[in-house]
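Read through the structure below, which is laid out as structure tokens, and then see the notes.
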Amino acid sequence: MEGKVLLLDPGRHDHLFGIHENSMPEKPMVFRWTRNQEQKQQRMTWFRKTQEKVKREYPGSTVQEAKDKLTRFNCHALDPDEFDEYIKAQSEVWDVLSTFYMSTQTVHADSRHQFHAKHKQLLSASDTASEMQECKAHPYLACEPQNYPLHHKLCLSAYLNKERMGAYLARELRHRFKRDVVIGIGNWSVLMQCFHEPQRGKGMCKMLCKHRFAVCLVDEYMTSKTCPVCLGCLETFKDIPNPRPGSQDNNPIVHCHGLLHCQNVECLGDLVKADGTVVKRRWYWNWDMSVALNFRHILFGLLANSKVPNQYLHPWIREQMAAEAAEAAEA
């Protein structure tokens, strides 16, 4: 297992940020898989724009109004009165939404069959009248074009692109690292938040296991608050303008949580300037990088003595270990 472990930290913007176990703080071997890469592979932006365009061009333009009306009610309500209100609202907009989603179809001139283009070329290359008539009488050319509901097609395409994206990610991991790489991924998953898409945690692990990777979960406790060099405490230090428009009036300045430095002023690293001189400076850490490097300490502790270092243990685990040690000493 030594030299084969890739340590990954799942996140929101960087869906996967990881380093190889042989990485050093000065020279990390980084692997990143961002949300933009995933959306590009799945063509989610194109699908969303297509749906919005069809919705705007629909006759009457009442689709969005109908959907907005449904959002005022809770479809998962357990109270009979609340659920009854939702059923009434759904019955009022059912005709509009069902017609929109079922009658909106794709239009392709050459959608008769997958061999249509081939027989069309044969038809154009026919020399004699008999050959032309024979080609025209082909059953594949005689059938009518087959159009399918647009939204069904988009959902199916999104699912297929998601499967292709998983295969592409697996190829990238095996190309950049060894084919028998073992993946250690953080087990922390963020709760659902407004205006943010769900973070892929369990789904990412299932996808990696599906492509025959050995996946191990790593406890992320204290990994974002511990310095990977001196094992001291990390803290935020930089204030930036609030990037969220909705809360800029109340909180115009906020802490930058993605940039950290060590509280230990003696924890210094080498900085090479443009003229080649080397000076000492404090370590500055990217949040994801510090977590991945702390995963490395946990891995080395498990390989050395099958124990997680004390800095990354939960308090109740430390108390349990201390009680067991005291009982063993008394015995």
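Quick note: the coordinates plus some simple rules give every number you see, no bench work behind them. Quantities reported herein were computed from a predicted structural model and do not represent experimental measurements. Cβ atoms come from the backbone with ideal geometry, glycine included; neighbour counts cover every protein chain shown.
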- For region 16-73 and region 274-316, what is the separation of their C-alpha centers, rounded to whole Å? 32
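By counting other Cβ atoms within 10 Å of each Cβ, how are Met24, Met165 ranked from fewest to most? All intermediate terms of the calculation are to be shown ahead of the outcome.
Numbers: Met24 11, Met165 19.
Fewest to most other Cβ atoms nearby, the residues stand as Met24, Met165.
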- Give me the number: length gained by fully extending Thr236 to Asp275, i.e. 0.36 nm times residue separation minus the C-alpha to C-alpha distance, one decimal in nm. 11.0 nm
- Message: Please arrange Ser23, Ser247, Ser189 by how many other C-beta atoms lie within 10 Å of their C-beta, fewest to most.
- Response: Ser247, Ser189, Ser23
- Message: Is the C-alpha gyration tensor of region 188-331 telling us rounded, prolate or oblate? Criteria: a/c under 1.5 is rounded; beyond that, a/b larger than b/c is prolate, otherwise oblate.
- Response: oblate
- Query: Out of residues 5 or more away from Gly269 or on other chains, whose amide H comes under 5 Å of its own, with H placed 1.01 Å from N in the peptide plane?
  - Reply: Arg281, Arg282, Trp283
- Query: From the phi of every residue in region 225-238, what ³J(HN,Hα) in whole Hz does the Karplus formula 6.51 cos²θ - 1.76 cosθ + 1.60 yield, where θ is phi - 60° and glycine or proline is x?
  - Reply: 10, 10, 6, x, 8, 9, 6, x, 9, 9, 8, 7, 9, 10
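I'd like the GluC sites (Glu not before Pro) in region 182-290 restricted to DSSP loop residues with at most 11 other Cβ atoms within 10 Å, sorted by number.
Numbers: sites: Glu220, Glu235, Glu266; in loops: Glu220, Glu266.
Passing sites in region 182-290 are Glu266.
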- Query: Using alpha carbon coordinates only, what is the Rg to Rh ratio of region 1-94, with Rh defined as the Kirkwood radius?
  - Reply: 1.29
- Note on the structure: If amide H atoms are modeled at 1.01 Å from N in the peptide plane, then the residues at a separation of 5 or more from Tyr58, or on another chain, having amide H under 5 Å from its own are none
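Pull out the extension gain between His314 and Asp95, defined as 0.36 nm times the separation in residues minus the alpha carbon to alpha carbon distance; nm, one decimal. Numbers along the way, then the final one.
Details: separation 219, 0.36 × 219 = 78.84 nm, distance 5.55 nm.
The span from His314 to Asp95 would gain 73.3 nm if fully extended.
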